[in-house]
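As structure tokens, the structure follows; a few thoughts come after it.
What follows draws every value from the coordinates through simple rules; no lab data is involved. The model shown is predicted, which means the values in this text are computed figures rather than measured ones. Please note: Cβ atoms are built from the backbone with ideal geometry, for glycine as well, and neighbour counts cover all protein chains shown.
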Amino acid sequence: QVQLVASGGGFVQPGGSLRLSCAASGRTISSYGMGWFRQAPGKEREFVAALSWSDGNRYYADSMKGRFIISRDGVRIAVYLQMNSLKPEDTAVYFCASNPYGSRWDIADNYDYWGQGTQVTVSS
């Protein structure tokens, strides 16, 4: 069974940093890229960032630009999310997912396999 495992979440003070990881296990995933989404209590899931395998292009939601960096593993089907200058409004469960289309990276419905999510809490 294909599984995406997200890790690296935790508790951090405003202005701090965290690095999230997402790796595939079980079977090789046919994917054109991977992305990160987040969901806070009572709110809809929102796009964070995505990366295309073929050309390495990166995509970010406006509120994450300049603070978050998405990168890929050199060998494994895996991506990372370096989060800097974290704010309380960044508090959410962060999900990684695989995109089989290579288009409309900001649309959650375009992703097929999803990880279980990892909690990020930003508070003083």
I'd like the distance separating the alpha-carbon centroids of the stretch 1-41 and the stretch 91-108, in whole Å. 10
Report, by chain and number, residues whose modeled amide H sits under 5 Å from the one on Y113, excluding near sequence neighbours (fewer than 5 apart, same chain). S98
Interchain or long-range residues, amide H under 5 Å from Q3's placed H: S25, R27
Whole-Hz ³J(HN,Hα) for each residue in the stretch 44-59, computed from phi via Karplus 6.51 cos²θ - 1.76 cosθ + 1.60 with θ = phi - 60°, x for glycine and proline: what do you get? 6, 5, 10, 6, 10, 6, 8, 9, 8, 5, 5, 10, x, 4, 10, 10
Among S25, Q13, V2, which residue has its Cα positioned farthest towards the positive end of the charge dipole of the stretch 1-80, with +1 placed on the Cβ of Lys and Arg, -1 on the Cβ of Asp and Glu, and the dipole taken about the Cα centre? Q13
